[in-house]
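The values are calculated or read from the model by the stated rules, or taken from the named source; none is laboratory data. Since the model is a prediction, treat every value here as computed from it, not as a measurement. All Cβ positions, glycine included, derive from the backbone under ideal geometry; neighbour counts span all protein chains shown. Only protein heavy atoms, including side chains, enter the accessible area calculation; ligands, DNA and RNA are left aside. Shrake-Rupley method; radii C 1.70, N 1.55, O 1.52, S 1.80 Å.
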Amino acid sequence: MKKIAIFGGIIVVVFALLAILTVTANKQKMESVGDNQFGKDELLPATMEIVDDPNYQNAILPDELEERINNEETFTVYFYASECPHCREATPRLNEIAGELGEDIPQYNLREFEQGWDDYNIQSTPTLVHFKNGVEEQRLVGAAENEVFEQFLTTYPSES
């Protein structure tokens, strides 16, 4: 019985040390990032992995998105989840296509701002939503083929 208690204690200590090391590493990374584009003091680990990725540098915050909708703007938003493998595969392709078409596609991180799932009726990621005059006009769900992304962005362009 004594051996089990000692072994259990060792396991608890090891897990506690791992947790402390993880928290410390995340804090150090947050300090190196400085003012991150999400405006938060702490980010989820999956977001920390992409915070320096050039493909995820066009964040839109919930207040900014709401303001653009209230201002009746015409634009497309890319809803993604930072840990989503389909998003990580599709994002570089979408960014390249958008760049070629001269489209600016703001990116909404649904893991950092969970209310977006309900606010914009997002069922899965990635999802592109095109707003015309502040009202949803069309959406594209999933990691589409390049031709489908191009057709969507051509059919539903943002205002210049």
Next on the checklist: Being of a type outside the set (D, E, K, R), at pLDDT 95 or above and under 14 Å from the mean Cα position of the chain (by Cα): is that true of ASN109 here?
Outcome noted: yes
Next on the checklist: All but one of (1) part of a loop (DSSP other than H, G, I, E, B); (2) at pLDDT 95 or above hold for GLU137; state the number of the condition that does not hold.
Outcome noted: (1)
Checklist entry - If you go through the stretch 61-91, how many residues are farther than 18 Å from ASN133 by Cβ, out of contact with any helix residue (DSSP H, G or I) (no Cβ under 8 Å at 6 or more places or on another chain) and either open to solvent by 10 Å² or more (accessible area, probe 1.4 Å) or not in a helix (DSSP H, G or I) (or both)? => result 6
Checklist entry - Name the pairs: first residue in the stretch 74-95 and over 15 Å from SER124 (Cα atoms), second residue among the basic types (Lys, Arg), Cβ to Cβ under 6 Å, at least 6 apart or on different chains? => result THR74/LYS132
Next on the checklist: Let me confirm something: among GLN115, GLN138, GLN123, which residue is in contact with a Pro (Cβ under 8 Å, 6 or more places away or on another chain), open to solvent by 50 Å² or more (accessible area, probe 1.4 Å) and not acidic (Asp, Glu)?
Outcome noted: GLN115
Checklist outcome for this item: From the option list PHE131, PHE113, single residue qualifying as of a type in the set (Phe, Trp, Tyr), in contact with a strand residue (DSSP E or B) (Cβ under 7 Å, 6 or more places away or on another chain) and not in a helix (DSSP H, G or I) is PHE131
Checklist entry - Among the residues of the stretch 142-154, how many are open to solvent by 80 Å² or more (accessible area, probe 1.4 Å) and either free of Cβ contacts under 8 Å to residues at least 40 places away in the same chain or touching a Phe, Trp or Tyr at 6+ places or on another chain (Cβ under 9 Å) (or both)? => result 3
Next on the checklist: So GLY102 ticks every box in (1) in contact with a helix residue (DSSP H, G or I) (Cβ under 8 Å, 6 or more places away or on another chain); (2) under 22 Å from THR154 (Cα atoms); (3) open to solvent by 60 Å² or more (accessible area, probe 1.4 Å) but one. Which box is left unticked?
Outcome noted: (1)
Checklist outcome for this item: Subset of the stretch 140-160, residues out of contact with any Lys or Arg (no Cβ under 8 Å at 6 or more places or on another chain) and in a helix (DSSP H, G or I), comes to GLU147, VAL148, GLU150, GLN151, PHE152, LEU153, THR154, THR155
